[in-house]
Every structure is written in C-alpha cells, then in structure tokens.
Amino acid sequence: MKKIAALALALSVLPAASFAADPSMCTGCHRAGSPTAPDLAGMPADQFTAAMNEYKSGARSNPTMKAMSMPLSDADIAGLAAHFSALGK
Ligand code: HEC
C-alpha cells in the first residue's frame, strides 16, 4: 500500500507537460503488485530504453508491448524512462 501511495504521489507532483507520453497509459498493467506485468518503478533508464526499443524493433517479441511502443518517439521513451526510473526511490 505504501508503494501505491508513493506512486500516486509521484504521478500527481509531476508536471503534466513534462513529456508527451502519459505514464498512466502504462500503469494500468504496470502497477505495483500487478500479476500481469512487471512493476516498472525504479527500472534503470538505460534498461527501460533498451527494452522499449527491442519491443519496437521486434528483437523482443511481445504483441502488447509492440503495440504500446510503436507510437512512441525517442523523446517519449526518454521521458517515460526518466519517470519510471525515478519512482520508488
Ligand atoms: C495491456 C498491458 C500493458 C500495457 C498497457 C503496457 N505494458 Fe509494458 N509490458 C506488459 C507485459 C505483459 C510485459 C512483459 C512482456 C515480456 O515478457 O516481454 C511488459 C513489459 C514491459 C517492459 C519490460 C520490463 C522488463 O522488466 O524487462 C517495459 C519497459 C514496459 N513494458 C514498458 C511499458 C510502457 C512504457 C508502457 C506504456 C507506454 C507499457 N509498458 C504499457 C504489459 C503492458
């Protein structure tokens, strides 16, 4: 519960316009304690970016994450990487 509260707080204090892609479109699946997808909080930005680019290119095969990553620009991914890597610290 503490982790969820911290996540909600982190999301609410971030200025909405700091990046184009909204992390709330990810946290439906990637929330703390979710059985369906790994928790992204605290994932190092370089690993996050590499994973997103692998889903995009097909090097890492997952239909859901391919669909999620395709519309994202490099700047979107960088913003999301910064967001999620800073969570849970
Ligand atoms: C419909 C559910 C769903 C949504 C929405 C979703 N994901 Fe995922 N994501 C998954 C699943 C399932 C996996 C695990 C796939 C695998 O095994 O490779 C995953 C894996 C990942 C990974 C790799 C994690 C790791 O530990 O290697 C990253 C990074 C990621 N997602 C980022 C995102 C981002 C960013 C968004 C929003 C733009 C997003 N996801 C939206 C279901 C989702």
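The values are calculated or read from the model by the stated rules, or taken from the named source; none is laboratory data. This one's a predicted model, so the numbers in the text were calculated from it and none came from an experiment. All Cβ positions, even for glycine, are placed from backbone atoms using ideal geometry, and neighbour counts span all protein chains on display.
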Query raised in the report: Does any residue in the stretch 63-89 that is touching a residue at least 60 places away in the same chain (Cβ under 8 Å) come within less than 7 Å, Cβ to Cβ, of a residue that is among the small types (Gly, Ala, Ser) and not in a helix (DSSP H, G or I) six or more places away or on a different chain, and which pairs are these?
Result: GLY79/ALA20; GLY79/ALA21; LEU80/ALA21; PHE84/ALA41; LEU87/ALA41; LEU87/GLY42; GLY88/ALA41; GLY88/GLY42
**Report entry** Which listed residue, of ALA78, ALA32, is in a helix (DSSP H, G or I), surrounded by 15 or more Cβ atoms within 10 Å (Cβ to Cβ) and more than 8 Å from the ligand (Cβ to nearest atom)
**Finding:** ALA78
Query - Yes/no for ALA41 being more than 10 Å from the ligand (Cβ to nearest atom), loosely packed, with under 11 Cβ neighbours inside 10 Å, part of a loop (DSSP other than H, G, I, E, B) and at pLDDT 90 or above - result: no
Query raised in the report: Of all residues in the stretch 44-64 being more than 7 Å from the ligand (Cβ to nearest atom) and among the small types (Gly, Ala, Ser), which is nearest to ALA81 (Cα to Cα)?
Result: ALA45
